[in-house]
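Scroll down for the structure; my scribbles are underneath it.
The values are calculated or read from the model by the stated rules, or taken from the named source; none is laboratory data. Quick caveat: nothing in here was measured; it's all calculated off a predicted structure. A quick note on method: Cβ atoms are made from the backbone with ideal geometry, for glycine too, and the neighbour counts reach across all protein chains shown.
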Amino acid sequence: MPIDTDDIERNAGLLLHRYEEETDSFQFLSVPRSIHSDCTFITEEHLPKGLEQISISRGQLPSIPKIPQAPLNYIFHSAYCCSTMLARGFELEGLAMSLKEPQILNDMIGWKRRGAQPRDVAAVTDHALAFLARPFAESEAIIIKPSNIVNPLAMVMLAMRPEAKALLLHAPLENYLNSIARKKMWGRLWVRELLVGRIKDQLVVGDMNVEELLGLSDLQIAALGWLSDHRLFEMLASKFGADRVRTLDSETFLADKKSVMQKLSDHFDIPLDNDRIENVLEGPAFTTNSKTGESFSADDRRKIQRDSAALHSEEIEMVAKWAKELAASYNISMKLQLSLV
């Protein structure tokens with residue numbers, strides 16, 4: 001089909017979806033705002049099938065200065081910490097739009113791990129961010145919530161956009177371990193896959209060899225991945241400071257969602273008044289499960305955690321103690337600085 005580069009330049013409804021490294025091309029999908037709201041994530045698994053798509057060489061696309069840019073902010077997270085709920089809370093027509101786990105950023109991490117040159121990854125990521133930051137409407141901000149596998153690019157993504165601000169969101173260690181344990185085999189396989197990625201990213205805490213890593217239990221592997229992200233978040237907070245980076249844990253968020261929305265909208269420079277905040281608190285973003293769409297509350301989440309803890313408390317306590325000792329030996333604080341609340 002004919003490609004209208006002017007439309008690509010300005011139309012945020014043409015989502016930058018994939019990077020084709022063999023041809024140095026970007027793939028765009030027609031994804032209007034309504035589909036964003038209906039999708040858990042804007043990834044292959046969750047987007048509707050059969051969306052109109054076009055691919056074009058990056059050399060034929062507008063350069064970064066020519067692409068209209070909305071104010072851009074990030075929610076980086078370490079998984080199972082209500083990040084999707086929080087991102088959905090900023091799907092506010094006229095004020096902001098959230099992009100939940102764009103596939104293109106996962107492509108950047110995959111390309112990097114396969115040995116791409118850092119300067120090439122940086123150049124393509126920079127171009128990708130420019131297309132992701134196209135405004136859906138005048139005066140709206142864009143908030144990108146990448147997948148947690150994209151965390152190794154957080155330092156670069158913040159450096160590339162000096163005006164961008166970020167929230168670093170995590171679950172307390174014991175809660176994170178509880179989430180992994182109750183997902184049974186699939187959760188335990190996932191944390192091992194995640195750690196393999198972090199090893200490739202050269203972000204793993206400690207210097208354990210393969211034999212030592214294989215000797216760890218599944219929940220120890222989970223804790224090691226959590227610690228590695230925690231140390232990265234600590235580095236981001238130290239480097240960029242309170243004007244650009246704030247931190248938050250999921251339990252603080254759930255305990256006072258209104259205060260978090262107020263303070264985060266201030267941090268992101270989004271003029272969110274009390275009435276809009278109340279609408280968010282009462283709306284589907286905060287009252288339904290982001291994965292299933294079913295009614296779901298903070299009390300429901302706490303009950304699930306309590307029931308799971310009853311089954312796994314001994315293992316969780318032992319692993320949490322081990323992880324805290326490991327953190328102390330590497331001078332990693334279990335409490336992040338620059339708390340939002």
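For segment 83-125, enumerate the residues that are polar (S, T, N, Q) and in contact with a Phe, Trp or Tyr (Cβ under 7 Å, 6 or more places away or on another chain). Walk me through how you get there before you give the answer.
The initial filter retains those residues of segment 83-125 that are polar (S, T, N, Q), namely 83-84, 98, 103, 106, 117, 125.
Scanning segment 83-125 gives a single hit, Ser98.
Give the residues of segment 191-248 that are at pLDDT 95 or above, out of contact with any strand residue (DSSP E or B) (no Cβ under 9 Å at 6 or more places or on another chain) and among the β-branched types (Val, Ile, Thr), sorted by residue number.
Val191, Val196, Ile199, Val204, Val205, Ile221
Restricting the search to segment 134-151, which residues are surrounded by fewer than 22 Cβ atoms within 10 Å (Cβ to Cβ), modelled with pLDDT of 95 or more and under 15 Å from Ser265 (Cβ atoms)?
Across segment 134-151, the qualifying residue is only Glu140.
Only strands (runs of 3 or more DSSP E) wholly contained in segment 1-75 count here; list those with 1 or more residues that are among the hydrophobic types (A, V, I, L, M, F, W, C) and surrounded by fewer than 17 Cβ atoms within 10 Å (Cβ to Cβ). Show your work before the answer.
On the way: elements: 14-20, 25-30, 53-57.
In segment 1-75, the matching strands (runs of 3 or more DSSP E) lie at 53-57.
State yes or no: is Phe233 within 24 Å of Tyr74 (Cα to Cα), among the hydrophobic types (A, V, I, L, M, F, W, C) and within 17 Å of the chain's Cα centre (by Cα)? Talk me through it step by step, then tell me what you get.
Values: within 24 Å of Tyr74 (Cα to Cα): yes; among the hydrophobic types (A, V, I, L, M, F, W, C): yes; within 17 Å of the chain's Cα centre (by Cα): yes.
When the stated conditions are applied, Phe233 passes them.
Could you list all residues from segment 198-217 that are surrounded by 19 or more Cβ atoms within 10 Å (Cβ to Cβ) and assigned to a helix (DSSP H, G or I)?
The first filter runs over segment 198-217 and keeps only residues surrounded by 19 or more Cβ atoms within 10 Å (Cβ to Cβ), leaving 198, 204-205.
Residue satisfying the conditions is Arg198 alone.
Hey, among the residues in segment 289-332 that are at pLDDT 95 or above and hydroxyl-bearing (Ser, Thr, Tyr), which one's nearest to Ser265 (Cα to Cα)?
Tyr330
Name, by its number, the condition in (1) free of Cβ contacts under 8 Å to residues at least 24 places away in the same chain; (2) surrounded by 21 or more Cβ atoms within 10 Å (Cβ to Cβ); (3) not aliphatic (A, V, I, L, M) that does not hold for Phe131.
(1)
Of a type in the set (D, E, K, R), at pLDDT 95 or above and over 18 Å from the mean Cα position of the chain (by Cα), is that true of Arg161?
Details: of a type in the set (D, E, K, R): yes; at pLDDT 95 or above: yes; over 18 Å from the mean Cα position of the chain (by Cα): no.
No: the conditions fail for Arg161.
Anything in segment 74-86 that is within 17 Å of Lys165 (Cα to Cα) and out of contact with any Leu (no Cβ under 8 Å at 6 or more places or on another chain)? List them, or say none.
Hits for segment 74-86: nothing passes.
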